Amino acid sequence: MALEAGLIAIGAGIAVGLAGLGAGIAEGPVGAAAVGAMAENEKLFGKGLVLMVIPETIVIFGLVMAILLWLNM
Amino acid sequence: MLLPEQMAKVLIVGSKDRLERTVDLLYESRVVHLVDFPPDKEGFTLGSPLPIASKTSERLLRLRAIEKDLDIKEPKVPEPLSAERIRKEIDAAIISLDSEILDVIGSKAKLEERLSELDQQKRDLQPLASLPLDLELYRDFRSLTVFVGHVRTDPSGVLQESLDQFEALTAQDGKLIAVFVQRSEANEAQRILMQYGFSEVSVPQGTGKPVEILDEIQKEESILRKSFEEVQVTLGKLREKHAAFVLASDEELGIEVEKAEMPLRAGATVHSFVIDAWVPGKNLDKLKEDFNAKLGDGVYIELLEVKNRKDAEEDAEEIGPEDVPTKASNPRPLNLFNHLVELVSTPRYNEIDPTSVISIFFPIFFGLMVGDVGYGIPFVILGFLGLRKCKSDEWRTISTALFFGGIFTLIFGFIFFGEALGMHFAPSPYGELTWSSLLGIELPHSIDLGLFSIPIGMFSKLHDVKILLYISVWIGIVHLFTAFGLGFANVAMRRGLKHAFLEKFTWILILTGGVFLLLLMVDALILGKPLIMTDLRMLAGAGLVIVGMAIGLKGEGAKVILELPGLMSNVVSYTRLTAIGMSKAGLALAFNSISIEMIAPGGGIMIVMALLVFIVGHLMIFILAIISAGLQGVRLQYVEFFMKFYQGGGSKFNPLMIRRKYTTEV
């Protein structure tokens, strides 16, 4: 049981960790470009924010997986 | 309320002798959104500024010069002056101001010039001060060449070896050198000096010892500085005396110039003018009445059309809805989130303004994500203060979000989660730290009010995760249904029911099907019931999704298939409502148990330490709560919600009007 719980915990950690990494990789360049665009035209803040947070959903998927795993512990 | 106000396009025509009064009246009415007259319209030229324009501009120019001389910056707004008085006094005032400050500014400029001259001289002389020679001894030799400059190290030794005759003087630090050599040996000397990193210092004109000259300069400088300060003080007094009047006159003249140049945006013939404008439909009659009463029948307002909300046919000559100004018509407090919508884009004339809808959803989302009485109270206070003090759109929006978000944080924190600062009020079945255990009294689980009871804490953020996830998905579904509903209304209004049915109703069908499937999945995955393929929910769900897809394929094409997974991820995306609440609860739990359960029992100084950890920890969570809950709440509106229906790209209704800050018009 202890081993099983440990493996589940590791799995949950990997799920949320890798998802976060993926979201970060995706969000970085978008954020940089958004800031660049905003420096030229402040009105683009809203659009920049929208584009930037789109990849963020990935990490939510990871988190949901982690929570579901954790609930089965 | 959801749609922007209806606009009417009008043409205002009159004879030129009434132009000035027309302009005044237009500005007074505050409901006329001017359209630039097309410059290539046959039979018309663009209007020319009112005759007073050039004179007023000239005055404004002189006034701005005075403003710059006096160095008037935006101070705290002084008591506004009467515009009438300024109009009367401005000419005389500019002349007297000019003469009053002319002398002061003149002497200030002279002083500045002389001071910088002295500064330059000082800089030139400074290096030579360390050599004991008079200035005249450096020049006017017939047979000698003089090198004066900085070197890295003392070259005297090498010079001694290579030159027949020379005289060298070095400063005490050995870095400055003056070398006197015969003309014939000048080249050799220069070569050697170069090896020692020689960089020449120019010897200024004049006579006497540099140290003495420097002393004199110093003396003159200190006298000049004193008078410079006096001039500054005089200027300061003048500034104080005239700032209010100058600022007010600047404003008044600016207004006059703006008014006088308004005809540039109108069309004109030899004897008449034509103004193109948008007026909100409901203000039109009043405007006509006003014009009639004040200008008689010399100016005529013609209603061209009351703009409908249909999309223009492609290539059609008529004005597209994107050119009609948008005037929001949301009542308070539903208009407070206007800026949040503007950040994305101004709504178009022919679409529903989502401000009022997100004014309801955003605070609820914010409240659900934080859901804690202990953070809700400071949110409300901060938001309230912000709304009273802040002027800029950005800060007002943030304050609004904090205030209304804070109210919902309080409501959800009390009823839903029953906790403050991460600790539940009522005793916990899991043996956690609660306010009951901390204070040693038993707080109730609900308040009984006879017929019904108000629960305090229905869920625990960390223990009832399943049900909370489930609730957040349902909230997401409601949000998405609202979005598709708004999208349906938009398309129906623009292009008719058929298009709306094809484009948006498909998604309503698919989402409904998805809801049935979700119910089934919850049964199967979470409650562990067997999955039966012939279950009614399975059949209905799959059926609705397939029908929806079929209609969508016909209406929108294959894009529907690509967007289907997107819809699923949208629904899952709402689980962040729970996830963020959880993460905050986790952090709070950690800080609470570290400070209260681990450090505080040590007693004495440890209690102070525990208090410190407790305060710093919760302050951090509080700030994180604003950032994460605020941004995620906004994101759910911008991405999941707006993308389903919002187009934007409208132009804002910007009526001719005068905004006064330093002046008042009676």
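The values are calculated or read from the model by the stated rules, or taken from the named source; none is laboratory data. If you're wondering where the values come from, they're calculated on a predicted model, not measured in any experiment. Note that each Cβ is placed from the backbone with ideal geometry, even for glycine, and that neighbours are counted across all protein chains shown.
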Report task. Could you please find all residues in the range B:325-356 being surrounded by 23 or more Cβ atoms within 10 Å (Cβ to Cβ) and over 23 Å from the mean Cα position of the chain (by Cα)? Result -> B:Tyr349, B:Asn350, B:Glu351
Report task. Say whether the condition of being closer than 30 Å to B:Gly476 by Cβ and of a type in the set (Asp, Glu) is met by at least one residue in the range B:626-648. Result -> yes
Requested in this report: Would you mind telling me which numbered condition in (1) at pLDDT below 85; (2) closer than 30 Å to B:Ile301 by Cβ; (3) not small (Gly, Ala, Ser) B:Pro78 fails?
Outcome: (2)
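Please find, among B:Lys391, B:Lys310, the residue that is assigned by TED's automatic domain parsing to the domain that holds B:Gly496, more than 30 Å from B:Val473 (Cα to Cα) and not in a helix (DSSP H, G or I). Before you say what the answer is, go through the steps one by one.
On the way: B:Lys310 fails: assigned by TED's automatic domain parsing to the domain that holds B:Gly496.
Just one listed residue meets the conditions, B:Lys391.
State which residue is surrounded by the most Cβ atoms within 10 Å (Cβ to Cβ) when the search covers only the range B:608-639 and only residues that are more than 24 Å from the chain's Cα centre (by Cα) and within 30 Å of B:Pro363 (Cβ to Cβ). So that I can check it myself, show each step before the final result.
First, pick out the residues of the range B:608-639 that are more than 24 Å from the chain's Cα centre (by Cα): B:608-621.
Subset that is within 30 Å of B:Pro363 (Cβ to Cβ): B:614-621.
Working: B:Phe614: 18, B:Ile615: 12, B:Val616: 12, B:Gly617: 19, B:His618: 21, B:Leu619: 11, B:Met620: 12, B:Ile621: 24.
The residue in question is B:Ile621.
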Report task. Could you please give the count of residues in the range B:329-361 that are in a loop (DSSP other than H, G, I, E, B), within 14 Å of another protein chain (Cβ to nearest Cβ) and polar (S, T, N, Q)? Result -> 2
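Considering only residues that are in contact with a Ser or Thr (Cβ under 7 Å, 6 or more places away or on another chain) and either part of a strand (DSSP E or B) or crowded, with 17+ Cβ neighbours inside 10 Å (or both), which ones fall in the range B:126-155? Can you show your working first?
Start the filter on the range B:126-155 by keeping residues that are in contact with a Ser or Thr (Cβ under 7 Å, 6 or more places away or on another chain), which leaves B:134-136, B:149-150, B:154.
Once the filter is applied, which keeps residues that are in contact with a Ser or Thr (Cβ under 7 Å, 6 or more places away or on another chain) and either part of a strand (DSSP E or B) or crowded, with 17+ Cβ neighbours inside 10 Å (or both), the range B:126-155 yields B:Leu135, B:Gly149, B:His150.
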Query raised in the report: Are any residues in the range B:640-655 crowded, with 18+ Cβ neighbours inside 10 Å and touching an Asp or Glu at 6+ places or on another chain (Cβ under 9 Å), and if so, which ones?
Result: B:Phe645, B:Tyr646, B:Gly648, B:Gly650, B:Phe653
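Can you work out which of the residues in the range B:648-666 that are small (Gly, Ala, Ser) and not in a strand (DSSP E or B) is nearest to B:Gly487 (Cα to Cα)?
Within the range B:648-666, the match that is nearest to B:Gly487 (Cα to Cα) is B:Gly648.
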Report summary line: The residue that is farthest from B:Met643 (Cα to Cα), considering only those in the range A:18-73 that are outside any helix (DSSP H, G or I) and polar (S, T, N, Q), is A:Asn72
Requested in this report: May I ask you to say which residue of A:Ala32, A:Ala9, A:Ala39, A:Ala5 is more than 14 Å from chain B (Cβ to nearest Cβ), among the aliphatic types (A, V, I, L, M), more than 28 Å from B:His339 (Cβ to Cβ) and out of contact with any helix residue (DSSP H, G or I) (no Cβ under 8 Å at 6 or more places or on another chain)?
Outcome: A:Ala5
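Going residue by residue through the range B:190-198, is there one that turns out to be outside any helix (DSSP H, G or I), within 30 Å of B:Ser130 (Cα to Cα) and in contact with a strand residue (DSSP E or B) (Cβ under 6 Å, 6 or more places away or on another chain)?
yes
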Query raised in the report: So B:Arg114 fits all but one of (1) surrounded by 16 or more Cβ atoms within 10 Å (Cβ to Cβ); (2) of a type outside the set (Gly, Ala, Ser); (3) assigned to a helix (DSSP H, G or I); what number is the exception?
Result: (1)
Report summary line: Among helices (runs of 4 or more DSSP H) entirely within the range B:409-513, at least 3 residues that are within 14 Å of chain A (Cβ to nearest Cβ) and farther than 19 Å from B:Leu587 by Cα occur in B:465-495
**Report entry** Flag if B:Lys559 is among the basic types (Lys, Arg), touching a Gly at 6+ places or on another chain (Cβ under 9 Å) and at pLDDT 90 or above
**Finding:** no
Query raised in the report: Restricting attention to the range B:1-46, which residues are farther than 18 Å from B:Leu656 by Cα and surrounded by 20 or more Cβ atoms within 10 Å (Cβ to Cβ)?
Result: B:Pro4, B:Gly14
Report task. Test B:Ala610 against the stated conditions and say whether it is free of Cβ contacts under 8 Å to residues at least 60 places away in the same chain, among the small types (Gly, Ala, Ser) and farther than 29 Å from B:Leu480 by Cβ. Result -> yes
**Report entry** Sole exception among (1) loosely packed, with under 15 Cβ neighbours inside 10 Å; (2) of a type outside the set (Lys, Arg); (3) touching a Leu at 6+ places or on another chain (Cβ under 6 Å) for B:Glu442, by number
**Finding:** (3)
